[in-house]
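Data first, discussion second: the structure below is written as structure tokens.
What follows is calculated from the coordinates using simple rules that are stated; it is not laboratory data. Remember, it's a predicted structure, so these values are computed and weren't measured experimentally. Because the Cβ atoms are built from the backbone with ideal geometry, glycine has one as well, and the counts that use them run over all protein chains shown.
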């Protein structure tokens with residue numbers, strides 16, 4: 001079967017031929033004919049099988065007729081990450097070069113004003129992440145009642161990132177008569193419920209078992225000690241052993257701080273590496289990906305932001321520096337290699353604490369993963385490793401202990417207590433008694449302490465009496481002052497009533513109305 005047999009328009013076929021593709025992948029062959037007929041589709045396929053083209057090509061064919069209106073996009077594609085959204089935009093530009101379509105990308109890290117200008121001109125294809133799309137909708141800059149085709153891509157990743165409530169809100173804003181194309185690599189129960197709610201009589205296109213790994217990827221587990229320097233040394237040895245076959249590699253870590261630490265460690269050992277994680281500026285992330293695609297970087301240390309759907313065609317190796325906590329992430333990570341029918345290799349560094357995660361991965365993919373050079377029972381931890389620790393900088397962990405303690409150790413001195421905790425009052429500090437100290441000396445020291453305490457108590461009592469006397473003198477009346485003094489022995493309320501006991505009336509003047517004689 002060729003692309004010409006799928007019913008695509010001549011413009012789209014010309015662009016596909018220019019891109020160098022002649023035969024569709026199984027997911028493309030199964031989804032494109034039904035998508036051209038306007039049916040809802042539930043596509044399930046492992047990553048790297050060409051899901052993006054399976055909805056881009058039929059959408060281009062259907063969009064040849066019609067015109068976009070301001071702030072009312074004709075189609076909407078939802079992606080979980082900025083990188084995936086930018087990648088879909090590149091596919092539309094590549095395959096839609098014979099079309100005059102307006103394409104808008106709504107993602108975070110980009111100015112709202114630039115995006116608003118594109119929406120005002122009218123958009124045929126709107127590619128967005130859920131958060132930024134809802135931001136524009138709430139600002140009144142976007143109307144969704146003109147959407148004809150809705151695509152939800154990487155739905156299982158949407159679930160992991162907590163976007164499902166946003167997806168439900170967006171689906172309710174779009175007309176009921178839309179066509180919905182739903183793609184995912186795995187189908188957890190939450191995703192199944194979502195498809196039952198928003199898809200109408202969908203055509204199910206499943207070309208492989210859910211959450212399965214490609215058969216053209218060689219998978220291996222590699223033992224390691226649990227210390228960070230053990231894992232870094234294991235990774236370096238792996239890279240050196242695979243150097244003859246290694247063209248480029250993505251190295252996955254579970255946390256952003258580990259990405260930063262491993263990146264600096266590789267640079268320290270003269271590896272040509274770059275870093276990619278979610279806290280980076282959007283422009284820096286895109287530049288890092290472009291450098292890796294173009295071969296300017298050989299190693300890319302990344303978090304799971306690079307595990308889903310990124311189309312980097314010729315990645316020879318994937319190294320899991322950390323075993324993924326979620327088993328589905330393993331399938332997506334190793335799917336970055338072995339794409340488009342190529343062969344690839346994946347190595348997962350495992351420690352004794354990773355046993356339960358490895359068991360979950362093997363249950364999910366339905367196969368046992370072979371060990372590279374012996375299982376965890378043969379692990380021997382390396383000694384030292386401090387010289388491998390990354391240099392202090394942004395993202396590097398602080399050394400244990402207080403700053404004062406570190407300085408004292410560096411100078412070779414003994415650990416000194418902090419000054420504010422060491423200071424004590426001389427008269428209350430307990431005397432240190434040695435076992436060999438004579439009893440007479442101990443008694444004399446105790447008597448000396450008691451004498452100092454008594455002297456201080458006497459001074460404190462004298463100061464208290466002086467202050468009391470001064471207050472009494474201030475209250476006493478000065479000589480020659482004949483004014484009556486207030487009696488403070490009575491309560492304040494009683495003094496107020498007695499001082500104001502004079503009767504209040506009209507005085508000598510009687511009002512005229514009181515002089516009127518009453519009529520009998």
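Let me know the shape class of region 92-163, please: from the alpha-carbon gyration tensor, a ≥ b ≥ c as square roots of the eigenvalues, rounded when a/c is under 1.5, otherwise prolate if a/b is greater than b/c, or oblate.
Numbers: a/c = 1.66, a/b = 1.16, b/c = 1.43.
Oblate, since a/c reaches 1.5 and b/c is not below a/b.
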| said: Please arrange 280, 510 by how many other C-beta atoms lie within 10 Å of their C-beta, fewest to most. | reply: 510, 280
| query | Counting pairs of alpha carbon atoms under 8 Å apart in space and at least six apart in sequence, what relative contact order in percent does region 3-206 give? | reply | 29 percent
| query | Using the count of nearby Cβ atoms within 10 Å as a rough guide to exposure, how do 348, 177 rank from fewest to most? | reply | 177, 348
| query | If each of residue 281 and residue 64 carries a label point 7 Å out from its Cα toward its Cβ, how far apart are those two points in nm? | reply | 4.3 nm
| query | With a ≥ b ≥ c the root eigenvalues of the C-alpha gyration tensor of region 224-267, is it rounded (a/c under 1.5), prolate (a/b larger than b/c) or oblate? | reply | oblate
| FRET efficiency, 1/(1 + (r/R0)^6) with R0 35 Å, evaluated for residue 118 and residue 227 via beta carbons | 0.10
| request: List 1, 72, 288 from most exposed to least, where exposure is judged by having the fewest other Cβ atoms within 10 Å. | output: 1, 72, 288
| task | Multiply the residue separation of residue 294 and residue 204 by 0.36 nm, subtract the distance between their alpha-carbon atoms, and state the gained length in nm to one decimal. | result | 28.7 nm
| query | Using a simple spin-label model with points 7 Å from Cα along the Cα→Cβ vector, what separation in nm is obtained for residue 2 and residue 377? | reply | 5.8 nm
| Between residue 268 and residue 137, 0.36 nm times their residue separation minus their Cα-Cα distance comes to what? | 42.5 nm
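On a full-extension model of 0.36 nm per residue, what is the gain between residue 356 and residue 72, subtracting their alpha-carbon distance, rounded to one decimal in nm?
Full extension of this stretch gives 97.3 nm more.
For region 3-206, what does the alpha-carbon gyration tensor say about shape, rounded, prolate or oblate, given a ≥ b ≥ c as the root eigenvalues, a/c under 1.5 as rounded, and a/b over b/c as prolate? Don't skip to the end; give the middle numbers.
Values: a/c = 1.57, a/b = 1.12, b/c = 1.40.
It comes out oblate by the Cα gyration axes.
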| task | Just grab the label-to-label distance for residue 342 and residue 215, each label 7 Å out from Cα along the Cβ direction, in nm (one decimal). | result | 2.1 nm
